[in-house]
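Working notes, structure below.
The values are calculated or read from the model by the stated rules, or taken from the named source; none is laboratory data. From a predicted model like this one, the values you see are computed outputs, not experimental measurements. Here the Cβ is made from the backbone with ideal geometry for all residues, glycine too, and neighbour counts use every protein chain on show. In case anyone asks, the SASA skips ligands and DNA or RNA and just uses the protein heavy atoms, side chains included. Shrake-Rupley method; radii C 1.70, N 1.55, O 1.52, S 1.80 Å.
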Amino acid sequence: MNLYSIFLKNINYNKKIITENESYSYKEIFNFIENSSSHIKKFKRSEKILLVSNNFFSYLILFFVCSKLGKTLIPINNSLSKNQILKIYKFTRPGLVFFSNEFNFLKKYIKIDKLLSDKSLLKISYPNNRQAFIDKNLSSKFINKDFIITFSSGTTSTPKPILYTQKIKYDRYLHIKNIYKINKKDNILLTSPVDHSLGQRILFLATLTGCNLIYLKKYNKKKFKKFIQNERISFSILSSNYINLMKNDLLSKNIRINKIVSAASTLSIKDKRDFKKNSIKLFEMYGAAEIGTITNLDTSNLKKQHSVGKILPNCDVKIFDKNQKKLNDNEIGEIGCKTNLRLKNYFKSKKLTKKSFVKNYFLTGDLGYKDKKNFLYFVSRKKDVIISSGENIYPSDIEKEAIKFKNIVECCAIGIPDKFFGEALFLVCVLRNKDKTIEIKLRKFLRERLANFQQPLGYDFVASLPKNRLGKVIKKEIREEYIKKKLDLSKQIRKILN
């Protein structure tokens, strides 16, 4: 379906979209879209439009302008460097570029007739009646045309250019709406960046349903609490990291959200159990930008708390070995998924698209397994598996045990090159309180809970772990940092053996 036609069908002029600095009614948003559409129509060579801005509303407006006009939007992560932005510009070759003042450097590299200030998107000219702007055939227009090129988060590799049509985005909208029973009465909180697939999913969930949408650009505990209290948030999809940070306030009922879905990374078992005790409706989902949401777990299901949820009806999941042969239940391999929610392809990347599928199953790059009841279990990112002396070590196995130690806030297990073991296991931890004897205590704690080959050879204790905008720990950065230090973790072991 054409997304703008759904937006118009469900629009309520009195509902609002609220950010930290601005608030607009849906009537104002509608006028922004119509005015911008008329303006962009004048540019004949504008099939692809690139946007880089610090204004949330610029993204929102251009999503619907492109839906109405059949254009392709390239929403850019505004935290990228100058070189990264220019690289995307050269790769995608847009006909128009909208930008905010912070990105004035673009004037030096892009022809002036292609550049427009995103302030032009926020001009009001009041139409008489919204029905006058609804093309009778709009509902079926451009639904299979290229709509959005977004880039994966790139926590483990180079970001990939993911291409969607409007139909894919519409199917994903209906999928989430039906799973979590969203209606017009909901007030939805969005904390994910909207240049990313997850942020777009939540944005369309609210705007196509006709809900109040509250957007918080960056995590800030005080603002987070204030927004939830003042706007009576009923639903949000949050990263597990945010849920953990807000956990005490949510459990003490200082703030309340009726339904919370955890995404981006797995929740700890302790968090799931704590929320169950306090009767907070908490769900966990598993998915990827390329395939959308493919599982859902009601965390009150104590028997399945170690899983990331039951595979949803319109998704077929198979587990593949390294030779791409299907594995049986409870056998660990790469998670593959076949679904109508999948991406169209990787933009201008035929080889990458072909490589990413086996018999129409998208290979996620995640390792896991299924049980007989069709529940999925996440084990590790494929690239994060540590092979030490021929043994496969899954970082999540170590992290799940280490986090149980009372003084550990969060941790990250990585493999670094080693002369003796090939790779050596190294554990980086964030502490609640300083403790000079922490390593001795933690080593003892893990010896009682992990096998010999799973014991970390080295430890480090830091103030924080690097994370992306979705709250995922960036293992790639951590690994690179410790590889540069050229640690020789097996030195003492080699001396003993010699």
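Data for the structure
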{"item": "Answer from LEU51, LEU80 - the residue that is crowded, with 24+ Cβ neighbours inside 10 Å and under 23 Å from LYS108 (Cα atoms)", "result": "LEU51"}
{"item": "Residue check for LYS383: in contact (Cβ under 8 Å) with a residue 24 or more places away in the chain, open to solvent by 20 Å² or more (accessible area, probe 1.4 Å) and assigned to a helix (DSSP H, G or I)", "result": "yes"}
{"item": "Selected residue (only one of LYS9, LYS16 is open to solvent by 30 Å² or more (accessible area, probe 1.4 Å) and at pLDDT 95 or above)", "result": "LYS16"}
{"item": "Any helices (runs of 4 or more DSSP H) falling wholly within segment 1-115 and containing at least 3 residues that are closer than 16 Å to GLN200 by Cα and among the aromatic types (Phe, Trp, Tyr)", "result": "56-69"}
{"item": "Residue that is open to solvent by less than 10 Å² (accessible area, probe 1.4 Å) and not in a helix (DSSP H, G or I), where the choices are THR266, THR295", "result": "THR295"}
{"item": "Test set (1) within 21 Å of LYS16 (Cα to Cα); (2) without any contact (Cβ under 8 Å) to a residue 24 or more places away in the chain; (3) in a helix (DSSP H, G or I) - ASN178 fails condition number", "result": "(1)"}
{"item": "Matching residues in segment 441-498 - criterion: being among the hydroxyl-bearing types (Ser, Thr, Tyr) and within 14 Å of LEU427 (Cβ to Cβ)", "result": "TYR459, TYR482"}
{"item": "Residue check for PHE283: open to solvent by less than 20 Å² (accessible area, probe 1.4 Å), aromatic (Phe, Trp, Tyr), at pLDDT 90 or above and within 30 Å of PRO159 (Cβ to Cβ)", "result": "no"}
{"item": "Neighbours by Cβ (under 7 Å, 6+ apart or cross-chain): first from segment 242-259, part of a loop (DSSP other than H, G, I, E, B); second at pLDDT below 80", "result": "none"}
{"item": "Residues that are closer than 19 Å to PRO395 by Cα, touching a residue at least 60 places away in the same chain (Cβ under 8 Å) and in a loop (DSSP other than H, G, I, E, B), drawn from segment 419-461", "result": "PHE421"}
{"item": "Residue within segment 355-367 that is touching a helix residue (DSSP H, G or I) at 6+ places or on another chain (Cβ under 7 Å), surrounded by fewer than 16 Cβ atoms within 10 Å (Cβ to Cβ) and over 28 Å from ILE393 (Cα atoms) present", "result": "no"}
